[in-house]
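Please treat every number below as a calculation from the coordinates, not as lab data. If you're wondering where the values come from, they're calculated on a predicted model, not measured in any experiment. In this analysis, Cβ positions are derived from the backbone assuming ideal geometry, glycine residues included, and neighbour counts consider all displayed protein chains.
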Amino acid sequence: MRLRDLADLVSADAAASFRLTSLEKKGGYRQTTMGSEYVRDPLTLVALELNGETLDLEHGYPARMIAPGRPGVLQTKWLSRIEAMDA
């Protein structure tokens with residue numbers, strides 16, 4: 001699903017950033033913030049599948065963020081929470 005569609009579903013402000021939280025218990029990338037330029041990019045996805053199959057644990061099950069142009073370490077795996085933050 002496109003992240004911008006989720007943002008619209010929750011009536012997030014167009015300039016809102018999103019906080020992404022992983023199921024990981026600790027680590028520097030357990031939680032990241034994604035600016036509105038990525039939230040509103042039509043290529044930024046919340047991926048639930050890979051090649052038509054449910055993500056496996058190695059690829060980020062239950063969901064992972066895919067945002068072209070962001071460094072790989074910020075492509076949050078094992079998403080547990082996505083929060084809209086006021087601009």
Task: Test item: Cα-centred dipole of the chain, Lys/Arg +1 and Asp/Glu -1 on Cβ, debye - done: 320 debye
- [ ] May I ask which residue of Ala67, Trp78, Leu43 lies farthest towards the positive end of the charge dipole of the chain, with charges of +1 (Lys, Arg) and -1 (Asp, Glu) on Cβ and the Cα centre as origin?
- [x] Trp78
Task: Value of relative contact order over region 3-85, rounded to a whole percent, pairs C-alpha under 8 Å and six or more apart - done: 36 percent
Open item on the list: Springs between alpha-carbon pairs under 10 angstrom, Gaussian network model over the chain: which of Ala67, Ala12, Ala47 fluctuates most?
Closed with: Ala12
TODO: Take the Cβ-Cβ distance between Asp5 and His59 as r, set R0 to 30 Å, and report the resulting FRET efficiency rounded to the nearest 0.05.
DONE: 0.85
TODO: Enter the mean projected area of the convex hull around the alpha-carbon atoms of region 3-85, in nm², rounded to one decimal.
DONE: 5.3 nm²
